[in-house]
1. Can you name the condition, by its number, that Phe138 falls short on among (1) at pLDDT 95 or above; (2) among the hydrophobic types (A, V, I, L, M, F, W, C); (3) within 16 Å of ligand 2 (Cβ to nearest atom)?
2. How about segment 206-256: which of its residues are part of a loop (DSSP other than H, G, I, E, B) and closer than 15 Å to Val306 by Cβ?
3. Quick one: what pairs do we get from segment 206-221, first residue open to solvent by 10 Å² or more (accessible area, probe 1.4 Å), second in a helix (DSSP H, G or I), C-beta under 8 Å, 6+ apart or different chains?
4. Looking at segment 138-185, what strands (runs of 3 or more DSSP E) fall wholly within it and have at least 3 residues that are touching an Asp or Glu at 6+ places or on another chain (Cβ under 6 Å) and open to solvent by less than 50 Å² (accessible area, probe 1.4 Å)?
5. Any idea which residue in segment 257-284 is surrounded by the most Cβ atoms within 10 Å (Cβ to Cβ), counting only those that are in contact with a Ser or Thr (Cβ under 9 Å, 6 or more places away or on another chain) and more than 27 Å from Asp189 (Cβ to Cβ)?
6. Looking only at residues that are assigned to a loop (DSSP other than H, G, I, E, B) and of a type in the set (Lys, Arg) in segment 257-301, which one is farthest from Gln210 (Cα to Cα)?
7. Is there any pair linking a residue in segment 99-121 that is without any contact (Cβ under 8 Å) to a residue 40 or more places away in the chain to one that is of a type outside the set (A, V, I, L, M) and within 11 Å of ligand 1 (Cβ to nearest atom), with Cβ under 8 Å and at least six apart or on different chains, and which?
8. Among the residues of segment 1-35, write down those that are of a type in the set (A, V, I, L, M) and open to solvent by less than 50 Å² (accessible area, probe 1.4 Å).
Amino acid sequence: MTTLTQYLKDHSSNPAINDVITTITDVGQTISQLLRKGALADILGEAGNQNVQGEEQKKLDVLANDLLLDALAKNKNCAGVASEELDDATPANADGSLLVLFDPLDGSSNIDINMAVGTIFSILPYQRQGQTCNNSDFLQAGSEQLAAGYLLYGTSTMLALTIADDVVMFSLDPDSGDYIMVNDEVKIDAETSEYSINSSNYRYWRAPMQQYIDELVAGEAGVRGRDFNTRWVAAMVGDVHRILCRGGLFTYPFDTKYAHKAGKLRLMYEANPMSLLIERAGGGATDAVNRILDIKPTDIHQRVPVVLGSQNEVDYVKQLHLEHDET
Ligand code: F6P
Ligand code: MN
C-alpha cells in the first residue's frame, strides 16, 4: 500500500513541490469533510447571507477558496497564489520558489444538488525569488507547469496527480486520513465512443464543431459508422476524471454565447492543469487548433476553448477545424 506521502518522497526531486502538494491535499481533506456534512454544515447558501445565529454564511466555493489561500500563504515555498475566485494574484512568501493556481471548487453549481465537485491546481516555477510577485509572474505557458492535479469530491474523494512523466491516482481513506494509491499509471485509450459537451449551446458553435457533433449523433447511420454515447457531469473535474478512468472526449468549445469570450473555461485554473494530466496519460488537449499547453497567457483569467481526451477523437476535431479554416 503506497500513501501519497511515500509516493512524493520516492518520486519527487523537489521537496518544495511535495510540501505545497501536501498543503493542498490537507486542505482537500477539510473541504471533503465540509461537503460530507452537506446541508447540515450550515455552509450552503449565498455568500453574504446570514445564518440563524446572525453569523455570515459563506458559500462553499468562497470557503474553499479562503481555506486554500490561507494555508498556501503560510507555506514558505509558495511565492504567490492565483485563484479563479479572486481578481488578482495574492503574494505569499517572496523567498518561495513556486506559484500556485487553483480553481477552489470546480462545478460549484453541483453543490446544492449533492453532486460531484472538485479542486483543480497547477504549480509553476517562480522566476523572481526574493521579490514580491504580481499577476505577470503567473503568465507562463502550461508546458512550464511543475505539477498539476485535482481533488474530486465524489462518492469518495480522489486525487489525480502528475509530478513527473506519469499520472497517478489516490483515494482518500476517511478513517486514517491518508491518500492511498489506487492507480500507479493512468493511461487513456486512443479510441473512444463516449463524448461530453453541453449540446444546448449548439447554435453558438463554429461550423466544424457542429459538423463533428452531427456526425457523432448520426452514429451508425452516418460517416462514423458506429454509435456514440454522451455523458455530461457539468463539472469539468468529473468529466476529466471519467476520461482518465475509461477514455472519452470532453469539449467546451468556442462559442458566441458570451461576446468577447473565447470559451467558458479558464486557461490557467482549468485547461492547463487538466491538459497536463491528459497529455501525460497519453491523450490530447487542444483549443481545436493549437496545443493548449503551448498557449502563452496574456491574462491570468483568460478563457480558452477546450477539446481534450482520447487522442484519435481530439485529432479528428482538430482536422475538421483545420480543413474548415483552409477553405
Ligand atoms: O468551471 C466551469 C464549469 O462549471 C465546468 O466545471 C463545467 O464543465 C462547465 O462549467 C459546465 O458548464 P454548463 O453550465 O454550460 O454545463
Ligand atoms: Mn471551474
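1. (3)
2. Start the filter on segment 206-256 by keeping residues that are part of a loop (DSSP other than H, G, I, E, B), which leaves 206, 222-228, 231-235, 247-248, 253-254, 256.
Correct list: Arg206, Trp232, Val233, Ala234, Ala235, Gly248, Pro253, Phe254.
3. What qualifies is Arg206/His321; Arg206/His324; Ala207/His324; Gln210/Tyr202; Gln211/Leu320; Gln211/His324.
4. Details: elements: 147-153, 157-162, 168-172, 179-183.
By residue number, no strands (runs of 3 or more DSSP E) qualify.
5. Across segment 257-284, the extreme among qualifying residues is Met268.
6. We begin by selecting, within segment 257-301, every residue assigned to a loop (DSSP other than H, G, I, E, B); these are 257-265, 281-283, 287-290, 295-301.
Still in the list and also of a type in the set (Lys, Arg): 257, 261, 264, 296.
Values: Lys257: 15, Lys261: 19, Lys264: 17, Lys296: 27 Å.
Within segment 257-301, the match that is farthest from Gln210 (Cα to Cα) is Lys296.
7. Hits for this filter: zero, empty list.
8. Taking segment 1-35 and keeping what is of a type in the set (A, V, I, L, M), we get 1, 4, 8, 16-17, 20-21, 24, 27, 31, 34-35.
Leu4, Leu8, Ala16, Ile17, Val20, Ile21, Ile24, Val27, Ile31, Leu34, Leu35, listed by residue number.
The values are calculated or read from the model by the stated rules, or taken from the named source; none is laboratory data. These numbers were taken from a predicted model, which means no experiment stands behind them. Quick reminder, even Gly has a Cβ in these numbers, built from the backbone with ideal geometry, and neighbours come from all protein chains shown. For accessibility, only protein heavy atoms count, side chains too; no ligands or nucleic acids. Shrake-Rupley method; radii C 1.70, N 1.55, O 1.52, S 1.80 Å.
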